[in-house]
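This report concerns only the one structure given below.
Values quoted throughout were computed directly from the atomic coordinates according to the rules given, and no laboratory measurement underlies them. Remember, it's a predicted structure, so these values are computed and weren't measured experimentally. Here the Cβ positions follow ideal geometry from the backbone for every residue, glycine too, while neighbour counts run over all protein chains shown.
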Amino acid sequence: MIIPEEYEDLLINPNFAHVATVNPDGSPQVTPVWIDYDKNRNEVIVNTALGRKKSRNMKIGSYVALSIQDQEKSYRYIGIQGDVIEVTEEGARDHIDKLAMKYLGKSEYPFYSGETRLLVKIRPKYVHTMG
């Protein structure tokens, strides 16, 4: 499903997303994350570190949900349910610096401590909006 154009700004601007994943025992897990959006490929991109709970839960084919709230208008949001279509280390270290600029205004991610970074690409399957 395509992200409605009038809500793309929520993914482009520095709004935090909450990503929900499913643990191996079936219980839910939710984490606030920085996101990126590739409009041309219709992919939401999460950058995480290898070994974190969300990275262990987000494997190719896994289902995830994201909720992204407008920081300026709290009742305006987009909810996305989708499939993880790719998990890769390629480009992830540079990408976290891109997100640091978006969210912190810094050219380098200040919390990097040598961990292996991962890009998780999510294809929206269902989208709902409000506001």
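If you build a Gaussian network model of the chain, linking Cα atoms that sit under 10 Å apart, which residue out of Tyr109, Tyr63, Tyr75 swings the most?
Per the Cα network of the chain with a 10 Å cutoff, Tyr75 tops the list.
Set the Förster radius R0 to 35 Å, insert the Cβ-Cβ distance between Ser62 and Phe111 as r into 1/(1 + (r/R0)^6), and round the FRET efficiency to 0.05.
On the way: r = 25 Å, r/R0 = 0.72.
Computed FRET efficiency for Ser62 and Phe111 comes out at 0.90.
Starting from the Cα of Leu104, step 7 Å along the direction of its Cβ; do the same at Thr31; then give the gap between the two resulting points in nm.
1.7
How much net charge surrounds Arg41 when only other residues with a Cβ under 14 Å from its Cβ are counted (Lys, Arg +1; Asp, Glu -1)?
Values: positive: Lys39, Lys121, Arg123; negative: Glu8, Asp36, Asp38, Glu43, Asp83, Glu86.
Net charge around Arg41: -3.
Would you work out which of Ser107, Ile3, Tyr126 lies farthest towards the positive end of the dipole of the chain, given +1 charges on the beta-carbon of Lys and Arg and -1 on that of Asp and Glu, about the Cα centre?
Tyr126
Which of Leu104, Leu11, Leu119 ends up with the largest GNM mean-square fluctuation for the chain, with Cα atoms connected below 10 Å?
So, out of Leu104, Leu11, Leu119, the one fluctuating most is Leu104.
What 222 nm value per residue comes from the helices of the chain, counting each DSSP H run with n ≥ 4 as -39,500 (n - 2.57) and dividing by all residues, nearest 500 deg cm²/dmol?
On the way: 3 runs with 23 residues, N = 131.
It lands at -4500 deg cm²/dmol.
Go ahead and set up a Gaussian network model of the chain, Cα springs under 10 Å, then flag whichever of Asp83, Asp94, Asp36 fluctuates most.
With Cα springs under 10 Å in the chain, the top fluctuation among Asp83, Asp94, Asp36 is at Asp94.
Students often get this wrong, so try it: which of (i) 14.0, 40; (ii) 18.0, 70; (iii) 18.8, 60 is Rg and Dmax of the Cα atoms in Å as calculated from the structure shown?
(i)
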